[in-house]
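Remarks on the structure that follows.
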Amino acid sequence: MIWYPYQQMKTMPPPFNVVDAEGIYLYTEDNKLIDSVSSWWSVIHGYKHPALNEAIISQVQKFSHVMLGGLTHEPLQKLSDKLQAWLPGDLDYCFFSDSGSVAVEVALKMALQYYINRGETKRTKILALEHAYHGDTFKTMEAGDDEDYHFVLNAYGPSPHVIHIPTEITALEAAFAQYHEQLNCFLVEPLLQGAGGMRMYDLAFLERARALCDAYGVLLIFDEVATGFGRTGNRFVADRVLPDILVLGKALTGGYIGHAVTVARKKVYDVFYSDDPTHALMHGPTFMGNALACSVALRSIELFDEGDYLTRIARIESITRRELLGFTDPRIREIRIMGGCVCIEAKDAATLRGYQQFAYERGVFSRPFLNCLYAMVPYIITESELIQVIDTMKAWFAQ
């Protein structure tokens with residue numbers, strides 16, 4: 001029996017059975033659906049893309065996977081070289097893993113060991129945001145701040161190792177003033193907090209965070225698993241404010257296969273690079289640097305550049321703003337739009353009950369959560385298809 005995620009198995013409705021997918025569409029036995037959430041925000045080029053298919057097929061005819069313990073391969077080397085050239089600043093050192101959650105775990109492990117390797121053993125605390133979500137493995141749950149996902153940690157009580165603050169500069173400055181000697185990192189989803197409620201905040205907060213991290217010698221980590229590859233309207237938020245460690249996943253492979261990367265700046269890498277074997281990063285997911293994943297990720301990055309995706313994303317944002325201009329309903333708390341993301345936040349989660357089936361009957365796949373009705377569409381969507389998604393959202397409130 002399949003055990004589905006984020007569901008009470010006893011009461012969940014039957015899931016829609018997908019039999020095919022192409023472009024922005026999912027096909028069930030009886031319907032054709034625009035995937036308005038890009039399969040958890042990852043399928044940026046759409047399904048069954050010929051170039052991505054070819055990248056997978058070409059590699060699988062050679063080999064699908066080899067371990068990185070004592071072995072390496074060309075797709076891994078090419079992807080690492082591409083990321084080194086493509087990412088901002090000196091974010092040059094790529095540690096690959098098999099999921100975004102694991103990649104954040106690696107980042108947190110790097111940050112803690114960075115100081116241990118330097119003989120600073122008191123820097124054991126993580127600064128993070130209220131409503132943070134960084135994954136469902138245990139350290140990422142500890143760094144997160146969402147009871148809907150992480151209530152299981154109540155068994156351990158409040159963590160002594162994590163401080164959560166709102167996205168307010170005064171709170172940021174107060175936290176650094178109080179805890180800077182104990183902090184090893186400040187971990188954030190930059191500009192857009194996804195699973196915590198599609199919360200959006202200003203770049204000035206991150207600019208101040210960068211200055212404070214520099215002043216107090218704290219590592220700044222950007223979890224761009226969800227925000228990377230254009231979702232905020234920026235290629236990466238790291239292009240605007242440079243972190244010390246950057247985490248990428250989801251759209252890294254165009255949504256084709258699970259893969260992620262934790263990318264460090266030279267100052268981080270150098271603290272591990274030593275004649276002392278205890279200074280090595282002792283971590284190694286079995287499927288890190290998977291050859292299929294590396295091949296399709298490299299081609300996905302090329303498509304992002306070739307397709308002028310930042311212009312496409314700006315157009316998606318412009319159309320979304322136009323279509324929602326003046327739209328209101330007494331049940332709506334706020335409408336938020338940023339890049340390729342739109343969120344209609346309801347005052348009460350019960351307002352959205354039944355929306356998934358409503359959208360299905362109108363040719364849209366959607367998956368509201370908490371009190372958020374949102375869309376994160378594939379970047380290849382046409383104007384008419386995007387309007388269909390938005391009109392479906394608006395129609396729900398017109399009933």
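The values are calculated or read from the model by the stated rules, or taken from the named source; none is laboratory data. These numbers come from a predicted model, not from an experiment. A quick note on method: Cβ atoms are made from the backbone with ideal geometry, for glycine too, and the neighbour counts reach across all protein chains shown. Surface accessibility is based on the protein's heavy atoms, side chains included, excluding ligands, DNA and RNA. Shrake-Rupley method; radii C 1.70, N 1.55, O 1.52, S 1.80 Å.
At-a-glance table
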{"quantity": "Nitroxide proxy distance, nm - points 7 Å out along Cα→Cβ at Asp148 and Gln61", "calculated": "4.6"}
{"quantity": "Cα gyration tensor shape of segment 60-144, rounded if a/c is under 1.5, else prolate or oblate by comparing a/b with b/c", "calculated": "prolate"}
{"quantity": "Positive-end residue, the chain charge dipole about Cα centroid, Cβ charges, pick of Pro88, Phe397, Val37", "calculated": "Phe397"}
{"quantity": "Local electrostatic count at Leu303 - Lys and Arg +1, Asp and Glu -1, tallied over other residues with Cβ under 13 Å", "calculated": "-2"}
{"quantity": "Tail fraction, Cα-Cα pairs, the chain, threshold 29 Å, whole percent", "calculated": "45"}
{"quantity": "Calculated P(r) tail over 16 Å for segment 121-212, as whole % of Cα pairs", "calculated": "53"}
{"quantity": "Stretchable slack from Thr286 to Ile332, in nm (0.36 nm times residue separation minus alpha-carbon distance)", "calculated": "12.0 nm"}
{"quantity": "Accessible-area ranking of Lys394, Lys78, largest first, probe 1.4 Å", "calculated": "Lys78, Lys394"}
{"quantity": "Most mobile of Asp35, Asp20, Asp136 in a GNM of the chain (Cα contacts under 10 Å)", "calculated": "Asp20"}
{"quantity": "Paramagnetic reach from Glu383 in segment 291-308 [backbone N under 16 Å; point 7 Å along Cα→Cβ]", "calculated": "none"}
{"quantity": "The chain - percent relative contact order, Cα under 8 Å, separation 6 or more", "calculated": "23"}
{"quantity": "Amide proton proximity set for Leu129, modelled H, under 5 Å, gap of 5+", "calculated": "Ile165"}
{"quantity": "Near-label residues of segment 55-85 by backbone N, under 15 Å of a point 7 Å along Cα→Cβ of Asp92", "calculated": "80-85"}
{"quantity": "Helix axis angle, 291-306 relative to the chain longest principal axis, alpha carbon, degrees", "calculated": "70"}
{"quantity": "With DNA, RNA and ligands ignored, accessible area of Asp239 (1.4 Å probe; Å², nearest 10)", "calculated": "60"}
{"quantity": "Cα Rg, Dmax (largest Cα-Cα span) when computed across segment 155-264, Å", "calculated": "14.5, 44"}
{"quantity": "Dipole magnitude of segment 174-318, debye to nearest 20 (Cβ charges: Lys/Arg +1, Asp/Glu -1, about Cα centre)", "calculated": "340"}
{"quantity": "Farthest positive-ward along segment 68-226 dipole, Cα basis, beta-carbon charges - from Met110, Thr167, Ala143", "calculated": "Met110"}
{"quantity": "Accessible-area ranking of Glu181, Glu189, Glu130, Glu317, largest first, probe 1.4 Å", "calculated": "Glu181, Glu130, Glu317, Glu189"}
{"quantity": "Cα centre as origin, Lys/Arg/Asp/Glu Cβ charges: the chain dipole, Debye", "calculated": "180"}
{"quantity": "Carbon and sulfur %, accessible surface of segment 147-237 computed with the full protein complex present, 1.4 Å", "calculated": "52"}
{"quantity": "Shape of segment 249-363, Cα gyration tensor, a/c cut at 1.5", "calculated": "prolate"}
{"quantity": "Accessible surface of segment 7-66, 1.4 Å probe, proportion on carbon and sulfur as whole %", "calculated": "55"}
{"quantity": "Listed residues Glu207, Glu361 arranged by accessible area, highest first, probe 1.4 Å", "calculated": "Glu361, Glu207"}
{"quantity": "Dmax and Rg, reported as Rg then Dmax, of segment 1-116 (C-alpha, Å)", "calculated": "19.1, 57"}
{"quantity": "Estimated distance in nm for a label pair at Ala174 and Val19, the labels positioned 7 Å out from Cα along Cα-to-Cβ", "calculated": "5.8"}
{"quantity": "Ellipticity estimate at 222 nm from DSSP helix runs (n ≥ 4, -39,500 (n - 2.57)) divided over the chain, nearest 500", "calculated": "-10500 deg cm²/dmol"}
{"quantity": "Per residue Cα convex hull volume in Å³ - calculated over segment 342-399", "calculated": "77"}
{"quantity": "Segment 211-227 - phi-based ³J(HN,Hα) in whole Hz, Karplus 6.51/-1.76/1.60, Gly and Pro as x", "calculated": "5, 5, 4, 5, 5, 10, x, 10, 7, 9, 10, 9, 8, 9, 4, 8, 8"}
{"quantity": "Solvent-accessible heavy-atom area per residue, rounded to whole Å², over the chain at 1.4 Å", "calculated": "44"}
{"quantity": "Residues with amide H under 5 Å from that of Val37, placed H, sequence gap 5 or more", "calculated": "Met376"}
